[in-house]
Amino acid sequence: MQIADGTVVAMDYALKDDEGTLIDQSQPGQPLVYLHGHRNIIPGLEAALVGKAAGDTAEVRVDPADGYGEPNPALEQVVPRERFQGVEDLQVGMQFQANTEQGPVSVRIVKIEEDDVTVDGNHPLAGKHLNFNVTIQEVRAATEEEIAHGHIHQGGGCCGGEGKEGGGCCNDEPQAEGGECCSSEPQDDAQGGTCCSN
């Protein structure tokens, strides 16, 4: 079976930047599994996999426009340190959930200068070219329920409302790097996973 809309794909992958630095990869025996055609992974990678079958390999370079977009300067701002009450040792790279008028947004600290803390709500891979090495492990037809929900059901369902190690999507919360979330909102934090429902 070939990859097309309405198929479930299991693939091993490694993701590197243009300098050859490994950003993310699937773990042995734990391929990334997604529903094709439902924005469960970034558009540029999804488009490149159409027509592939189990056993096929692919090298895919994804431009920022087809990945996580270009950085939006408006998503970077300086906030007072006092906003981080209860966190004694602030460090660059820490991630927090910020409540905005558009809903919760994941932000990370990119600079600390005395009492000023610069946070960035852009995806860490925004503006970057993404280089994937992919091996397709399995392609199968999705179930009617999976298509109706827009994501796969695997291994007994979800993780009881908690984020899944290695990615995943519970209660339609943001999914993982290497894909779009179930609700087509931007995603952060977890590394390459799949979606599941309660």
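No lab work stands behind these numbers, since they all come straight from the coordinates. All values reported here derive from a predicted model rather than from experimental measurement. Glycine gets a Cβ as well: all are built from the backbone with ideal geometry, and neighbour counts include every protein chain shown.
The figures follow:
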item	result
Exposure proxy ranking, count of Cβ atoms within 10 Å, fewest first, for R39, R61, R83	R83, R61, R39
Amide proton proximity set for Q137, modelled H, under 5 Å, gap of 5+	A10, M11, D12, G55
Sorted by Cβ neighbour density within 10 Å, fewest at the top, the residues S26, S106	S106, S26
R0 of 25 Å, Cβ-Cβ distance Q30-E76: FRET efficiency to nearest 0.05	0.15
Share of alpha-carbon pairs per 10 Å distance bin for the range 1-145, given as whole %	10, 32, 27, 21, 9, 1
Placed amide H near E76: partners under 5 Å, 5+ positions off or other chain	G121
Pair E145, A47: separation of 7 Å Cα→Cβ label points (nm)	3.4
Hz values of 3J(HN,Hα) by residue in the range 105-113 - Karplus curve (6.51, -1.76, 1.60), Gly and Pro given as x	10, 7, 10, 10, 7, 10, 7, 10, 10
Cβ charges +1 (Lys, Arg) and -1 (Asp, Glu), total dipole of the range 74-120, debye	200
Radius ratio Rg over Rh of the range 74-120, counting only Cα atoms, Kirkwood formula for Rh	0.93
For H129, H153, H38, order by how many other beta-carbon atoms lie within 10 Å, fewest first	H129, H153, H38
Paramagnetic reach from D63 in the range 90-127 [backbone N under 14 Å; point 7 Å along Cα→Cβ]	127
